[in-house]
Amino acid sequence: MNTEGYQLADGSWSSEYKVGDKFLFSWNKQHKFRQGEVVVYIEDDDDSDSPRFMNSSEEKAYCYWSSLSKYKSEESMDLSINTFKKEDLKTGMRVTCRNGEVYVVLLNTTEGDVLCKFDGGFNWLGDYNNEVLIMKYDDCPEYDIIKIQEPTIGSLAKQTSLGAVIWERKEEISPLQKDFDELQSQIKALQEKANTIQQQINN
């Protein structure tokens, strides 16, 4: 251990934190805590690389500092469209596209910077705009990046190894979409009412 303590998954150091601070648990191995769960630092031990933490169910367990990232509440996290740029991507990060497909970020490969799928498919990072991580081509909106997750141990080997969400696209709903959604809700309510009346008639 150096004077800064132990390094966390997000690059910060254990010496920066105190009892009561919250963290995201990002280890993908079998553990009492679930991956992505928020845990609280409950027992100060400067010499330990795995002090005790507690989750919202008051379950307590020892966690390696390297399996944790600093927790940011929704109020403090700015998940707006411009908070994450292409240059912020790192090898091992998971990205989810609008069509639901999940890719792994691979930088500086012999073929260049790519987003790679486990079935062998890939997208060129050069095909994305830097500022908003959307495809440069209007006919490919299904490949726009809508979510980014931090790298985890084994993230390049297991498709199910997903880290905590560090960025997610939030898009404004157009007035027309709002009207459509409201109309759909009304139709659903009317259909349920019609089904109830039909059952009463049949009885």
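The values are calculated or read from the model by the stated rules, or taken from the named source; none is laboratory data. Everything numeric here is computed off the predicted structure, so don't read it as measured data. So basically every Cβ, Gly included, is an ideal-geometry build from the backbone, and we count neighbours across all protein chains shown.
Is there any pair with a first residue in the range 32-52 that is among the hydroxyl-bearing types (Ser, Thr, Tyr) and a second that is in a loop (DSSP other than H, G, I, E, B) whose Cβ atoms are under 8 Å apart and which are 6 or more apart or on different chains, and what are they?
These pairs meet every condition: Tyr41/Tyr17; Tyr41/Lys18; Tyr41/Val19; Tyr41/Gly20; Tyr41/Asp21; Tyr41/Pro51; Ser50/Cys63; Ser50/Tyr64.
Of all residues in the range 14-35, which are farther than 17 Å from Glu150 by Cβ and modelled with pLDDT of 80 or more?
Within the range 14-35, Ser14, Ser15, Glu16, Tyr17, Lys18, Val19, Gly20, Asp21, Lys32 meet the criteria.
Right, Val114: among the aliphatic types (A, V, I, L, M), farther than 17 Å from Phe84 by Cβ, touching a strand residue (DSSP E or B) at 6+ places or on another chain (Cβ under 7 Å) and modelled with pLDDT of 75 or more or not?
So Val114 fits the description; yes.
Which one of these does Ser80 not meet: (1) surrounded by 16 or more Cβ atoms within 10 Å (Cβ to Cβ); (2) modelled with pLDDT under 90; (3) within 20 Å of Trp167 (Cα to Cα)?
(1)
Could you grab me the full set of residues in the range 96-121 that are surrounded by fewer than 16 Cβ atoms within 10 Å (Cβ to Cβ) and not small (Gly, Ala, Ser)?
Across the range 96-121, the qualifying residues are Asn99, Glu101, Leu107, Asn108, Thr109, Thr110, Glu111, Lys117, Phe118, Asp119.
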